[in-house]
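The values are calculated or read from the model by the stated rules, or taken from the named source; none is laboratory data. Since we're looking at a predicted model, the values are computed, not measured. Quick reminder, even Gly has a Cβ in these numbers, built from the backbone with ideal geometry, and neighbours come from all protein chains shown.
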Amino acid sequence: MNDQSKIAVSPSHRPPFHEPGEMVIRNVNWAGTRALYRKEIRRFMKVQLQTIWAPAVTTLMFLVIFTLALGGANRHVLGVPFADFIAPGLMIMGMMNNAFANSSFSLLAGKMQGTLIDYLMPPLSVGELLLALAGAAVTRAFCVGLALWAAMALWPGVHVTPAHPWAILWFGLMGAGLTAFIGVLTSIWAEKFDHAAAITNFVIGPMTLLSGTFYSIDRLAPVFRAISHANPFFYAISGFRYGFVAAADGDVVVGSLVLLGLNVALGVLCYALLKRGWKLKA
């Protein structure tokens, strides 16, 4: 018996405990990540009139106002009709706003309702938690984008036929991911819903509206043109518009690299704060 007890246990048969009570999952917990992702999807789908269709209708009203009420039907920007110019910008603007709204709600609601433990206790790593939260936000963004695209495709006088599908998918993903990570940071930092609303009203809103959605930055004064180039939302909107009209205010490759770098940096920052438990753990 003593000799048998000394037989080495192969690594594949080691128990999942390094120390008593400390469980270690050696592989990615795809089942848990998928469960949290589906939970976040079901949360906003249960109220889809508020989370998908209402934002789509509100954004569509911008298109109606600028093309009809302001007489934009006869104007051309970047060589395309004004309606075709602003339609992609409005689409990605709605996507980015809703990605932020979704990711900024989850952890903050847990703080306010006392259910934050439901996110921190399951056997999910920090990366898996972040992947599920950001992935659900991006999914909501694309749901809003598809709803807007369908509505704009049926609207008379607007052409939203994709010219470069890869640019639509890439810049849609990068733009939605950018605001999704900002939303996660907001939900970590915020202590009440007023804090998240302040970020929406004073950061996200101005950055989306002043990023070339309704105008070409080539018509701006040099100072304001430089400010627009410093706005990361400009690259998402310009690149997404390029996917539909094959024209952009800036360099598409530069915009791709800027957005990729920002997403990586914000993702690392979110990971570090979640791992540290800043404002989440006692």
Test Val126 against the stated conditions and say whether it is touching a helix residue (DSSP H, G or I) at 6+ places or on another chain (Cβ under 9 Å), at pLDDT 90 or above, closer than 18 Å to Leu273 by Cβ and β-branched (Val, Ile, Thr).
yes
Somewhere in segment 172-188, is a residue under 20 Å from the mean Cα position of the chain (by Cα), aromatic (Phe, Trp, Tyr) and either assigned to a helix (DSSP H, G or I) or surrounded by fewer than 18 Cβ atoms within 10 Å (Cβ to Cβ) (or both)?
yes
Return the total of residues in segment 230-282 being buried (at least 18 other Cβ atoms within 10 Å of the Cβ) and modelled with pLDDT under 90.
3
Number of positions in segment 118-136 that are part of a helix (DSSP H, G or I) and out of contact with any Gly (no Cβ under 6 Å at 6 or more places or on another chain):
13
Return the pairs, sorted by first residue and then second, in which the second residue is not in a helix (DSSP H, G or I), the first residue lies in segment 30-44 and is under 15 Å from Val126 (Cβ atoms), the beta carbons are less than 7 Å apart, and the residues are 6+ apart or on different chains.
Gly32/Pro122; Gly32/Pro123; Gly32/Leu124; Thr33/Leu124; Leu36/Leu124
Considering segment 208-233 alone, what residues qualify as being among the β-branched types (Val, Ile, Thr) and assigned to a helix (DSSP H, G or I)?
Thr208, Ile217, Val223, Ile227
Taking Gly157 and the conditions (1) modelled with pLDDT of 90 or more; (2) of a type outside the set (Ser, Thr, Tyr); (3) in contact with a strand residue (DSSP E or B) (Cβ under 8 Å, 6 or more places away or on another chain), which numbered condition does it fall short on, given that it satisfies the others?
(1)
Go through (1) within 13 Å of the chain's Cα centre (by Cα); (2) in a loop (DSSP other than H, G, I, E, B) and name the single condition Thr115 misses.
(1)
Restricting attention to segment 234-259, which residues are within 22 Å of Thr67 (Cβ to Cβ), of a type in the set (D, E, K, R) and either without any contact (Cβ under 8 Å) to a residue 60 or more places away in the chain or part of a helix (DSSP H, G or I) (or both)?
Arg241
